[in-house]
Amino acid sequence: AVEITAAANSRLLTPPSYPYPVAEEGFMVLASSPTTPYKCKDILWCPGGPPGSCARNRDYESVGCSKCQPDTYTVEDGTCEPCEGGAAPALVASVGVGILVVLGVFVNVVNRNQLNQSNSILSVVITLGLTVTAVQTLSIFSNLDVEWPEPLLSMMKVLSLVSFDLKVLKIECVVGQQSVSNMILRQMMAPGAALYIALIVCLKKRFIEPRVHLPSQLINSIGAIFQIFFVAVFLSSLGPVVCYKHPNELGYSMTSDPSILCNQEGEHLSLVVVSVVTIVIVVLPFLAMITYATVRYQSLVGSSIASHHHLMTFRFLFFRYKPDSYYYGCLTSLRGVLVCLVPVVFRDFPSLQLLLMAAILLAFGSFQQHKQPWRSYLPNVIDSTTNTLLILLIVCVSMTTDFEDAEQLLGIVAAVIFIGLFLAILAVICFHLVKYFQPSPFFSSFICHHKAEAAAQARYLQTLIVSRSRGATCFLDSDNLTNLQDLFDIVRCRCGRLIVYLTADTLRRPWCAGEITMAFQTHKNVSAIYHSSFASPTMQEIEADNISTFLAAADFKLVEYGITNELIAQAFRWFLGELPDRYTMRSDLVGRDRLQAVVDWLLKKSGHRSASRSDTLDLKPRSLVVSSTPNDDEATAVAGILVSKIQQRVLDLVPAGIIVLADMPAHNAEVLAAVAAAHAVLVILTPKSFASSEQLQIIVGCTSDQVCCIPVNTPSFRFPGQDFFEKDIPRRFGQQAELVETSIRSFLKCIAVPFTTYASQQVLDVQAESVVLRIPRVLGLASTTSTGPGGKLSGTSIKLMEDHLGDSPEEHTLHNIVSKTELDEYISKHHPHGSVADFALHWACAEQAQV
């Protein structure tokens, strides 16, 4: 009599003609233990029956009939066929040569100049990479303890080569059936590929492209191949700890080699050591490298040559994605780590393995669909489609598998999901209720304006309101808005007052009309600022039947937001006829005073206490002069914004301060004298700049007097055409036309500093800093920042001035200069016709570098 455990009994049959039980199909029993059934990884290996019953030529002494007899190899029907002479080594060699050729081509492709790659080629490369990743994910599925139906099972066997399963190449006929040697061979494939790639790159530098940056191309090539095959490399290294369960007390077998029982000494322990070494040497360094590169991406995107080389080194990680999704390459590797760990961590729960695998793919797929990280459209579609199909595949497999652990475990998981769903809904409801009762951020005022006509004026008003009042906040869409649909909600719930800055076409803009209507419907405080360019429409124009014609709404329909023509007409009639809080800009004021008077009125109406102004107009020599088109409020606002941002920094460079010419009633001889005596002049270029005779006088004066002139270019400025030089200048300047034309052409050759008036505060701060860096420091200004001990010039200052002087034979005397006075004497003696401003600029740059 033999004793059969309950677990074993469930997989054994007792035919009448046999004195002892036999194994079911898909299971086997060893002759040494006829009552202990082992589960076979492939049902074709084990037809069932008495001890030692395996498919033809399979080793009946190996657990699960997992090995073939010596000198045989596995075929598709589960049997083993004899090795035929040198066919197997020839197959392995030919595949190896093919892989080497592909790697050579791959190195050339991934290191090509990005500018020469069209979007079509980029899409093809990305699609191939996504295909390989999907195939590797399927190889992970094959390690799950589930039943795969045909023909999917056969397809996965064919594709197993991508996951480093070499049995497809009849590898048993070449290296035999030794588990440890086969494991070591698989783990050597990735380092071997890296060494081969290094050899190709070195040969390329030696014989083809000597000027190639070796470290960049080497790391980029190896990183690209590792990222594509990361799942296969990591899964292969985890082979010894990916196990499936037998229906007996002996525990588990390795999924990749069922003949080896897990958690046993001997071969399994040796394989675990190989696995740990591979993870430490190959997997972890790669993950550390891509994490480091991702964290440092913002600092790598710089203008220096070193930053360029660093970015080229990791371009495999970044250049396939949009700039704002640079981290997605790291996320794909994280997804690979998670899916590979599922069969390791939850090996006793096949149903939970499928559920977690689907959850991981769903989470990352949802994020991918939200961000659309790939540079081209088609790869985004393929990526999301691949994730969806893999999830559907998991659903299909779960329907064909009979899970013993499913009932209780999945019941718990379903309950958690159900509770989590309702908690998420409750959290969303509570979050929005809190936002409704305590809106945040809340703005004291909201400036409604036409961006094309008054972007700078609105920005300057915002700057003055915030700087001259205590605790006031002011909303401009350029700073705070990422979704234009939120504009109406901000007017509705998160602002105290709507300030409508009326220029020529403000009321014709759909967004402005919608904001005014929303403020009227929600009974917000509204203040109207009437600019001189505004002309009030007639009552007939703003009737409900004519609103669509009145508004420039070809590309936008307010009715989609619940704002009908009737509501707009009603709001306009109230706004133009009944609104008590209105202000007409004063025509007796000029320059910044016109806009500052608006803010004075607004702060008085709102009850905010206005801070005192200290702006005074003092025409000191050696000042920084800011010139803009006179009587142009938009140009004046640009000057006001720029001065507010650079004033503190400029005082360190130019102690005489700043003169804003727009604040002067007229450009008289005193103004021109101030320009001639200026240390530097900022010329703000707006649409009307070259139509202004006063502005042209400033430009000609700067050029004639050799004053440092810095153009500041606004987005709406357009360079003058040929008609301007051939017709306008002769008509306006007569005999002085030639001098004026020469001066203007010289001025236009100067590199302008951009100043984007409709950009955010952060962008304007950066651009204002660029303006400051163009302003030379006054040479007579006492400073020791760029000098060394004892007042001697620092090496940085000397180097910069040497670069400026070039190969001058006197340049060695720079090292003997010990004071600022000696520098002035040196310039006067050796370079009497040189630009002092250029030397001053080098001096200022040297100090900035030292800081």
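The values are calculated or read from the model by the stated rules, or taken from the named source; none is laboratory data. Every value quoted in this text rests on a predicted model; they were computed, and no experiment measured them. We place every Cβ from the backbone using ideal geometry, glycine too, and count neighbours over all the protein chains shown. Keep in mind that these areas ignore ligands, DNA and RNA; they rest on the heavy atoms of the full protein, side chains included. Shrake-Rupley method; radii C 1.70, N 1.55, O 1.52, S 1.80 Å.
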Task: Which numbered condition P439 misses (of (1) modelled with pLDDT of 90 or more; (2) in contact with a Cys (Cβ under 6 Å, 6 or more places away or on another chain)) - done: (1)
TODO: Would you check which residues across the stretch 495-512 are open to solvent by 30 Å² or more (accessible area, probe 1.4 Å) and either of a type in the set (A, V, I, L, M) or assigned to a loop (DSSP other than H, G, I, E, B) (or both) and list them?
DONE: A504, D505, R509
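Evaluate the following for M585: is it hydrophobic (A, V, I, L, M, F, W, C) and more than 30 Å from T636 (Cα to Cα)?
Numbers: hydrophobic (A, V, I, L, M, F, W, C): yes; more than 30 Å from T636 (Cα to Cα): no.
The answer is no for M585.
For the stretch 465-476, enumerate the residues that are in contact with a strand residue (DSSP E or B) (Cβ under 9 Å, 6 or more places away or on another chain) and either open to solvent by 30 Å² or more (accessible area, probe 1.4 Å) or at pLDDT 90 or above (or both).
Just the residues of the stretch 465-476 that are in contact with a strand residue (DSSP E or B) (Cβ under 9 Å, 6 or more places away or on another chain), to begin with: 465-466, 469, 471-476.
The answer is I465, V466, G471, T473, C474, F475.
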- [ ] Filter the stretch 677-693 down to the residues that are farther than 10 Å from V625 by Cβ and surrounded by fewer than 21 Cβ atoms within 10 Å (Cβ to Cβ), then identify the one that is nearest to the chain's Cα centre (by Cα).
- [x] P687
TODO: Filter the stretch 326-377 for residues that are over 18 Å from the mean Cα position of the chain (by Cα), of a type in the set (A, V, I, L, M) and within 29 Å of R296 (Cα to Cα) and give the result.
DONE: V337, L338, V339, L341, I360, L361, L362, A363
- [ ] Restricting attention to strands (runs of 3 or more DSSP E) lying wholly within the stretch 658-742, give those where 3 or more residues are closer than 27 Å to V590 by Cα and in contact (Cβ under 8 Å) with a residue 60 or more places away in the chain.
- [x] 680-685, 708-713
Open item on the list: Quick check on the stretch 550-564. Is at least one of its residues in contact with an Asp or Glu (Cβ under 8 Å, 6 or more places away or on another chain) and outside any helix (DSSP H, G or I)?
Closed with: yes
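Across the stretch 390-408, which residue is most open to solvent (accessible area, probe 1.4 Å) among those that are closer than 30 Å to L122 by Cβ and without any contact (Cβ under 8 Å) to a residue 60 or more places away in the chain?
So in the stretch 390-408, the residues closer than 30 Å to L122 by Cβ come out as 390-393.
This time we only want the ones that are without any contact (Cβ under 8 Å) to a residue 60 or more places away in the chain, so: 391-392.
Values: I391: 38, L392: 94 Å².
The residue in question is L392.
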- [ ] With respect to E810, determine if the residue is open to solvent by 40 Å² or more (accessible area, probe 1.4 Å), out of contact with any Asp or Glu (no Cβ under 6 Å at 6 or more places or on another chain), acidic (D, E) and at pLDDT below 90.
- [x] yes
Open item on the list: Looking only at the stretch 18-50, how many residues end up being over 16 Å from E147 (Cβ atoms) and among the hydrophobic types (A, V, I, L, M, F, W, C)?
Closed with: 6
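Every residue, every condition in (1) in contact with an Asp or Glu (Cβ under 9 Å, 6 or more places away or on another chain); (2) open to solvent by 40 Å² or more (accessible area, probe 1.4 Å); (3) among the basic types (K, R); (4) at pLDDT below 90, yes or no:
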site: L567; (1), (2), (3), (4): no, yes, no, no
site: A571; (1), (2), (3), (4): no, no, no, no
site: M585; (1), (2), (3), (4): yes, no, no, no
site: K605; (1), (2), (3), (4): yes, yes, yes, yes
site: D615; (1), (2), (3), (4): yes, yes, no, yes
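I'd like the full set of residues that are assigned to a helix (DSSP H, G or I) and among the small types (G, A, S), limited to the stretch 83-121. It would help to see each step written out before you state the result.
Our first condition is that a residue be assigned to a helix (DSSP H, G or I); within the stretch 83-121, this holds for 87-110, 114-116, 119-121.
A87, A88, A90, A93, S94, G96, G98, G104, S120 - these are the residues of the stretch 83-121 that are assigned to a helix (DSSP H, G or I) and among the small types (G, A, S).
Collect the residues in the stretch 424-436 that are in contact with a Cys (Cβ under 9 Å, 6 or more places away or on another chain) and either over 29 Å from V500 (Cα atoms) or surrounded by 11 or more Cβ atoms within 10 Å (Cβ to Cβ) (or both), keeping them in residue-number order.
Initial filter on the stretch 424-436 (in contact with a Cys (Cβ under 9 Å, 6 or more places away or on another chain)): 435-436.
Within the stretch 424-436, just K435 meets the criteria.
Confirm whether K524 is among the basic types (K, R) and touching a Cys at 6+ places or on another chain (Cβ under 9 Å).
Values: among the basic types (K, R): yes; touching a Cys at 6+ places or on another chain (Cβ under 9 Å): yes.
Here the answer is yes, as K524 does meet what is asked.
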- [ ] With respect to L579, determine if the residue is open to solvent by less than 20 Å² (accessible area, probe 1.4 Å), part of a helix (DSSP H, G or I) and of a type in the set (A, V, I, L, M, F, W, C).
- [x] no
Open item on the list: Tell me yes or no: at least one residue of the stretch 58-69 is out of contact with any helix residue (DSSP H, G or I) (no Cβ under 7 Å at 6 or more places or on another chain) and at pLDDT below 85.
Closed with: no
- [ ] Please list, ordered by first then second residue, the pairs with beta carbon atoms under 7 Å, 6 or more apart or interchain, first in the stretch 409-432 and closer than 24 Å to Q353 by Cα, second open to solvent by 80 Å² or more (accessible area, probe 1.4 Å).
- [x] L409/F349
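Could you look through the stretch 743-774, keep only residues that are part of a loop (DSSP other than H, G, I, E, B) and within 33 Å of the chain's Cα centre (by Cα), and pick out the one that is surrounded by the fewest Cβ atoms within 10 Å (Cβ to Cβ)?
Start the filter on the stretch 743-774 by keeping residues that are part of a loop (DSSP other than H, G, I, E, B), which leaves 749-752, 755-760.
The next check asks that each one be within 33 Å of the chain's Cα centre (by Cα); those that pass are 751-752, 755-760.
On the way: I751: 8, A752: 17, F755: 25, T756: 16, T757: 24, Y758: 19, A759: 18, S760: 16.
So the residue we want is I751.
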- [ ] Only residues that are loosely packed, with under 14 Cβ neighbours inside 10 Å and more than 16 Å from L355 (Cα to Cα): list them for the stretch 371-389, please.
- [x] Y377, T385
Task: Counted residues, the stretch 258-289 - those being closer than 18 Å to D348 by Cα, touching a residue at least 12 places away in the same chain (Cβ under 8 Å) and open to solvent by 20 Å² or more (accessible area, probe 1.4 Å) - done: 2
TODO: Scan the stretch 209-217 and give yes if some residue there is closer than 25 Å to L300 by Cβ and of a type in the set (S, T, Y), otherwise no.
DONE: yes
TODO: Give the residue that is surrounded by the most Cβ atoms within 10 Å (Cβ to Cβ), with candidates limited to residues of the stretch 1-36 that are modelled with pLDDT of 55 or more and among the charged types (D, E, K, R).
DONE: R11
Task: Residues (surrounded by fewer than 20 Cβ atoms within 10 Å (Cβ to Cβ) and part of a loop (DSSP other than H, G, I, E, B)) located in the stretch 633-657 - done: P655, A656, G657
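Within the stretch 615-659, restricting attention to residues that are β-branched (V, I, T) and touching a Ser or Thr at 6+ places or on another chain (Cβ under 8 Å), which residue is nearest to E769 (Cα to Cα)? Give the steps one after another, and end with the answer.
Let us first name the residues in the stretch 615-659 that are β-branched (V, I, T), namely 616, 625-626, 629, 636, 638, 641, 643, 646, 650, 654, 658-659.
Filter again for touching a Ser or Thr at 6+ places or on another chain (Cβ under 8 Å), leaving 629, 636, 638, 641, 654, 658-659.
Numbers: T629: 23, T636: 19, V638: 15, I641: 13, V654: 15, I658: 16, I659: 19 Å.
Applying the filter and picking the extreme gives I641.
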